[in-house]
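To start, the structure itself, in structure tokens.
The values are calculated or read from the model by the stated rules, or taken from the named source; none is laboratory data. Note that the coordinates shown come from a computational prediction; the quantities given were computed from them, not determined experimentally. Positions of Cβ are generated from backbone atoms using ideal geometry, with glycine treated the same way; all protein chains shown enter the neighbour counts.
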Amino acid sequence: MTKKFDKTIVEEFKESSKSRVALNISKEMVREVELSILDNNPYQPRLEIDESEVLELAESIKSQGLAQPIIVAENPDNTNRYIIVAGHRRYTAYKKLGFSSIPAIIREYSKKELSTIVIVENLQRKDLHPLELALSYNSLIENGIFTTHEEIALSLGKSISHISKILSLLKLPNEIISEAKKREYKKINVLSKLSNMKIEDNLKTKLFFEIFDLSEIEALNYIKQYENKQIDCFKCSKKNGIFNIRIDINNLENRETVIKELEQILNELRNS
């Protein structure tokens with residue numbers, strides 16, 4: 001059964017933030033928190049952390065000190081530990097510098113609020129990679145905040161098709177995910193189309209590099225032509241128990257897929 005939401009979690013978080021300011025909770029006490037009892041926010045999965053940025057930040061902290069304390073929350077699953085809400089790079093830089101503790105502001109957040117903070121921050125980031133957004137959406141399901149794409153869509157005020165399209169990116173081969181992030185490739189429609197193609201991962205990866213420098217429209221047209229080519233090289237129909245198979249061996253790039261199709265036909269014949 002789908003849950004109903006009177007407000008999106010983004011709206012709820014904004015109202016909650018206003019309440020904190022009104023109650024002057026923004027003037028929290030800064031405390032030293034041991035690095036050894038800090039955990040990453042489970043609702044903020046990251047593809048990678050830029051090592052050069054961390055090293056640059058570490059040098060800045062070493063010469064000028066920490067500009068802002070990090071923000072942490074008590075871990076709902078372990079009250080002896082804290083979750084990093086904001087300041088993961090500062091935390092990493094402190095570890096590299098050999099510190100044992102870091103200045104932090106401790107706040108109280110529920111699991112839902114911890115996930116909301118991540119979503120709000122991500123939606124406001126102009127440089128956000130769609131794969132990072134996909135990881136954030138997926139973490140909402142993995143951590144039990146929501147159970148369906150529809151619930152995520154309703155809670156964020158997004159369409160179900162948008163949520164499904166973003167989440168489909170996680171089905172991409174690892175090499176495409178890595179290269180798309182490294183090269184800042186953010187064409188969501190192209191990546192989603194690639195992820196849903198019924199071809200081998202190595203062919204998806206090859207195709208990704210072929211269309212990398214194309215515009216979105218050109219890339220989508222290229223993929224469409226590729227799919228039509230695959231359909232033309234292998235056709236199979238069944239009527240009245242009779243298979244009609246046509247294979248163009250001179251135009252057969254996706255051999256593994258064709259082999260699988262033929263194996264399915266053989267299995268059907270064996271079991272009939």
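Can you tell me which of (1) surrounded by fewer than 16 Cβ atoms within 10 Å (Cβ to Cβ); (2) part of a helix (DSSP H, G or I); (3) not aliphatic (A, V, I, L, M) is the one Lys204 doesn't meet?
So Lys204 meets the others, but not (1).
Which of the following residues is surrounded by 13 or more Cβ atoms within 10 Å (Cβ to Cβ), β-branched (Val, Ile, Thr), under 28 Å from the mean Cα position of the chain (by Cα) and at pLDDT below 90: Val72, Val85? Spell out how you get there, then give the answer.
On the way: Val72 fails: at pLDDT below 90.
Within the list Val72, Val85, the selection yields Val85.
Of the residues that sit in segment 207-222 and are buried (at least 18 other Cβ atoms within 10 Å of the Cβ) and not aromatic (Phe, Trp, Tyr), which one is farthest from Asp127 (Cα to Cα)?
That would be Leu207.
Any chance segment 146-169 includes a residue that's among the basic types (Lys, Arg), modelled with pLDDT of 95 or more, part of a helix (DSSP H, G or I) and over 29 Å from Asn40 (Cα atoms)? It would help to see each step written out before you state the result.
Initial filter on segment 146-169 (among the basic types (Lys, Arg)): 158, 165.
Filter again for modelled with pLDDT of 95 or more, leaving 165.
The next check asks that each one be part of a helix (DSSP H, G or I); those that pass are 165.
So of that shortlist, the ones also over 29 Å from Asn40 (Cα atoms) come out as none.
No.
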